[in-house]
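These notes concern the structure reproduced below.
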Amino acid sequence: MSREHIIHFKVIRQQEAKVLRGLIYLEDGQQPTLHDFERCLKECGHDIQGVENYEQFIFRAKDQSGGEYLIDVLEDYERLRHRDRHAEMLARSFIKQDPLL
């Protein structure tokens, strides 16, 4: 039986870096491979040209204008991401509380 596996990756261009995500399907107990990551990135619309770093899953891609950029697949993204409790409390303070709820 297959299961969904969300991957997070960082698209690194000269002026910006964005963290995006993609979805791959794996069999139970299977770990994602380099080929799985590459296929997912291609399905997300990236023109993968090759692998920059095999151990850290960094890919080289080309955009429509011919410029190159890097894609770094982030392993253990959920573990690396931290929550800013102060920012969350500040954001909640701007939400209007409805006394009827």
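What to note about this one:
- Within the range 1-36, the set of residues being among the small types (G, A, S) and surrounded by 11 or more Cβ atoms within 10 Å (Cβ to Cβ) comprises A17, G22.
- Picking from residues in the range 37-69 that are within 17 Å of H5 (Cβ to Cβ) and touching a residue at least 24 places away in the same chain (Cβ under 8 Å), the one that is surrounded by the fewest Cβ atoms within 10 Å (Cβ to Cβ) is C44.
- Wholly enclosed helices (runs of 4 or more DSSP H) of the chain bearing at least 3 residues at pLDDT below 90: 77-80, 85-93
The values are calculated or read from the model by the stated rules, or taken from the named source; none is laboratory data. Being a predicted model, the structure only gives us computed values, none of them experimental. All Cβ positions, even for glycine, are placed from backbone atoms using ideal geometry, and neighbour counts span all protein chains on display.
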